[in-house]
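Here's the structure we're looking at; comments come further down.
Readers should treat all values here as calculations from the given coordinates under stated rules, not as data from a laboratory. Owing to the predicted nature of the structure, the values given are computational and were not obtained by experimental measurement. All Cβ positions, glycine included, derive from the backbone under ideal geometry; neighbour counts span all protein chains shown.
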């Protein structure tokens, strides 16, 4: 049986590599048409619902409406970002004063997480096709059915454009829980892994180049003299989205003590339920099950989580808040929480806020990102200088901003590099350049002009 699977895997890789060669001669116009067709056909309202419905039913994570929004805006933002870029043609990099040529890598293997099985896969696929690569998608086994449904729709788009369907393939389910996945990694030219510790461990045993991504655990500082009404809405919008399946969702709020009570009132106005001491104890009792986070509360609706601790509300609730003292040193509330639960604590001043932020990151999340709501430039700068993360998100809904969007300068992705802080090679958002090799044409500075080619 193992020999059969190995032969099937080798055949899949060979077909993918053969198909990739056919992409080399396609025009940018044709490539962009394929990308637009993916957006318009695969993510039309009915098919987007179909995929999102499968994802929620299969993984039991998140909700359909938010996944539909995420799939659409992430994909649309990415295509808008890369559509004008050209592959295999000299591009003048004015910052470096040299010409660069983006070239295909060949065959990419992309591992996707169960929390975002559609949007992450689409990001990989679109960047791969734009870069003239073939790709094999390895879904987390928990979301394999979702990955399969998505790839089937992608293949329909490729067929309608008279492009080989082997440009995008799906890894066999049989290899995704054992060492055979390492063989797949070894046969691909580059491996990109977002998600499970099993795949991260496996790709590190491969002989081929790879990218992995660190863990989120986002601390967010709330300075005084800010618009609490606006900020509370942004925080709830961020943390409650898709029941907090994003690694960029706010984890711990560090609030200036001068505005703390007013801020709590604003959160309540925005459908945040503040746990009392008895309710916190009950949540503590069910948070872990057999030594791991209870899957019955991961990325679930807040009211369902509250029901499990005996809180039955008739009123709407979007988020659960857990207040804790600043001197707390070891507790799950200080760690990443992939559920609509957020920690809140007080800080005396900016210096204290920075200390508490670093305490959170030392538990988990170094290198990923942190947020600050402030209108004082010197505070933003001081915070940024003293926090070991790759991104400081200023006055924005964190979960919808750290991964890039049309309104900020970050590249659109669901895979965020955390640099050496997080044990990663990449210190940036995954982007098209990571799906390409780059040739640089270097002249003496006084000899090169922008329109040389």
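Multiply the residue gap between residue 10 and residue 289 by 0.36 nm, knock off their C-alpha separation, and tell me the result in nm, one decimal place.
Details: separation 279, 0.36 × 279 = 100.44 nm, distance 3.99 nm.
Using 0.36 nm per residue and subtracting the Cα-Cα distance, I get 96.5 nm.
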Residues in region 255-281 reached by a label modelled at residue 237 [backbone nitrogen below 15 Å; 7 Å Cα→Cβ]: 270-271
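Can you put 311, 292 in order, fewest other beta carbons within 10 Å first?
By the 10 Å Cβ count, ascending: 292, 311.
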The Cα extents of the chain along the principal axes, largest first and rounded to whole Å, are 63, 63, 40
Please report the antiparallel percentage of the DSSP beta bridges confined to the chain, to the nearest 5. 25 percent
Any idea how far apart residue 2 and residue 358 come out in nm if each label point goes 7 Å out from Cα toward Cβ? 5.0 nm
Theoretical gain in end-to-end length, residue 313 to residue 377 [0.36 nm per residue, Cα-Cα removed]: 18.9 nm
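Using the per-residue mean of other Cβ atoms lying within 10 Å as a proxy for protection, in what order, highest first, do the peptides 106-113, 339-346, 357-364 fall?
Working: 106-113: 25.9, 339-346: 23.8, 357-364: 19.4.
Ranked from most to least packed, the peptides come out as 106-113, 339-346, 357-364.
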Additional length obtainable on full extension of the chain from residue 103 to residue 386, 0.36 nm per residue less Cα span: 98.1 nm
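How would you order 320-327, 194-201 from highest to lowest mean count of nearby Cβ atoms within 10 Å?
With the highest mean Cβ count within 10 Å placed first, the list reads 194-201, 320-327.
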